[in-house]
Structures are given as structure tokens and as C-alpha cells.
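Read-outs throughout are calculated quantities, based only on the coordinates presented, and are distinct from any laboratory measurement. On a predicted model such as this, the values are computed, not experimentally measured, just so you know. No Cβ is skipped: glycine too gets one built from the backbone with ideal geometry, and neighbour counts run over all protein chains shown.
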Amino acid sequence: MMKIEIWSDVVCPWCYVGKRHLEQALSTFHHADDVEVEWKSYELDPSAPPVRPGTYMERLSSKYGISTGEARARMSRIVSVGADAGIDFRFDHARPGNTFDAHRLLHLAGSVGLQDELKERLFTATFTDGQTIGDRETLVKLAVDVGIAEADARRVLENDEYSDDVRSDEAVAAELGVQGVPFFVFDRRYAVSGAQPPAMLLEVLDRAWREAHPTGFETIATGDACEGDACEL
């Protein structure tokens, strides 16, 4: 088995692209059935309110101190990259907010084998459907959409269940030196930062697999040799 740990946030568009790129890489990886993907918690802004005021373009312009024209150009770039990956980014009505509760639900989803499904649903809700990802009622509905029992989702959100797991993920990220997401770790051997192309992720998959599953000696050089009971001279 190979384990891929991915630190990401559900309000990070490049994390969504990175998810798609990994899926594309795995679709051509010969050992994909032996790969386990685990989503790790990472909050881009732990102090964010449940719903941020203003438009996505306004927030981008303010955060990076750029004009609305430049902000629009940056958004157009990610929209184009997303479209190539099969993602319908709708920044015109995206309503991101605090993601701590979403990460707690992802840990719940992981305990019942539905983590990847919930991760996908959260991304779609944020970037395509324009849902309020920091609202607990919204989160309950999204959890139910992927097969999580409503009672379980409400129980988690009504107390501090999985809070320590979220903080633990973030502490490990700090130890690993993670400064941006997505951040992929393959078998704790290799790390890849950012939404790299599928071809690069496939190269890392192949390399990590070969090192974890050596097939024998590596042939350094070949030359004249005998085969069978006669030699060609």
C-alpha cells in the first residue's frame, strides 16, 4: 500500500484543482487500487467569520493590494485552469468562510469511509453552488448528501468532537514546514507543494512506489554475454 496525505482547505481553489490533478494521475497509475488518500486539515484563515462579507474579487483585491482589474485577471486564470480539470468555478457567487467545522466533519467522514466524497461535496458547494460553507446547517445537509447520518453530523457540530484531530493535523503541517496548500506527502518520503500537473504527480507516484516495492537489482550496464549453450562471437 501507498499512503498519500494531503493538507488542504475547502476554500482553496488550487486545492480543488490539485484534487482533480491527483485523480487524473491515479487514473493512469498501475497501482491505484493500492493507494490510500487521506485528507488533512489546514485552515487558511482560522480567524475567518462563518461568512465573509463582499465579493470574492473584492476580497482578493484587498488581500493582495491589487486592482480589481488584476484581481479579475487572476480569477480568470484559475477559472481557465479549473475548466481544463473539469471544475466549474463560480467566483461570482462564492461565499467562503470559516472552515474549522468543515474539517471536523471531514474527520467524521474519514471514520466511516466517506472522506473523499465529503471533500468533493464541500469543494463543489463552495466554488460551484455558492453555499455558505461556514454555516452549520449547510454543513449538515452536505454531510447527509454523501451518506453521513444527520444525527452524527449534528452531534459533531454541537460539541468539540474531532477538534483535537484538526489541531493535530495543523501541528504536523507546521512540523513539516507547510506554508501553503495543497501539500501532498507520499508515504512520508516525498512532498509536493501546490497544484502540480498530473504528469508530475504520476512521476512522484511511480518513484515512491518503486522505492517502497523494489523488484530486484538495477542493471547498470550491459555488454557481450553468452546465452544458452552457444555464444555469439
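Points to keep in mind about this one:
- For Lys40, residues with placed amide H under 5 Å, excluding near neighbours: Ile6, Trp7, Ser8
- Where labels lie 7 Å past Cα in the beta-carbon direction, separation of Asp45 and Ser27 in nm: 3.3
- Convex hull volume of the C-alpha atoms in the chain, normalised per residue: 170 Å³.
- Coupling constants for segment 69-85 follow from the phi torsions by the Karplus curve (6.51 cos²θ - 1.76 cosθ + 1.60, θ = phi - 60°), and in residue order they are x, 5, 4, 5, 5, 5, 5, 4, 5, 5, 4, 5, 4, x, 4, 4, 8 Hz; glycine and proline get x.
- With a simple spin-label model that places each label point 7 Å from the Cα along the Cα-to-Cβ direction, the separation between Thr128 and Arg90 comes to 1.0 nm.
- Going from the fewest other Cβ atoms within 10 Å to the most, the residues Ser168, Ser41 appear in the order Ser168, Ser41.
- Here the Karplus relation 6.51 cos²θ - 1.76 cosθ + 1.60, evaluated at θ = phi - 60°, turns the backbone of segment 112-126 into coupling constants of 10, x, 10, 5, 5, 5, 6, 4, 4, 5, 5, 4, 4, 4, 6 Hz, with x for every Gly and Pro.
- For Met2, the residues whose modelled amide H falls within less than 5 Å of its own, excluding neighbours fewer than 5 places apart on the same chain, are Val35, Glu36.
- Using Cβ point charges alone (K and R +1, D and E -1), the dipole size of segment 1-117 about the Cα centre works out to roughly 580 debye.
- Taking amide hydrogens as placed 1.01 Å from N in the peptide plane, the amide H of Val51 sits under 5 Å from those of Asn98, each at least 5 positions away in sequence or on another chain.
- Projected label points at Ala151 and Met1, each 7 Å from Cα along the beta carbon direction, are separated by 2.9 nanometres.
- A Förster radius of 25 Å, combined with the Cβ-Cβ distance separating Val79 from Glu117, puts the computed FRET efficiency at roughly 0.50.
- Degrees, to the nearest 10: 13-27 long Cα axis against longest axis of the chain: 30
- Backbone HN-Hα couplings from phi across segment 167-181 [Karplus 6.51/-1.76/1.60, Hz, Gly and Pro as x]: 5, 5, 4, 5, 5, 5, 4, 5, 5, 7, x, 5, 10, x, 10
- Pairs of Lys residues in the chain that lie 8 or more places apart, or on two chains, and have C-alpha atoms under 22 angstrom apart add up to 8.
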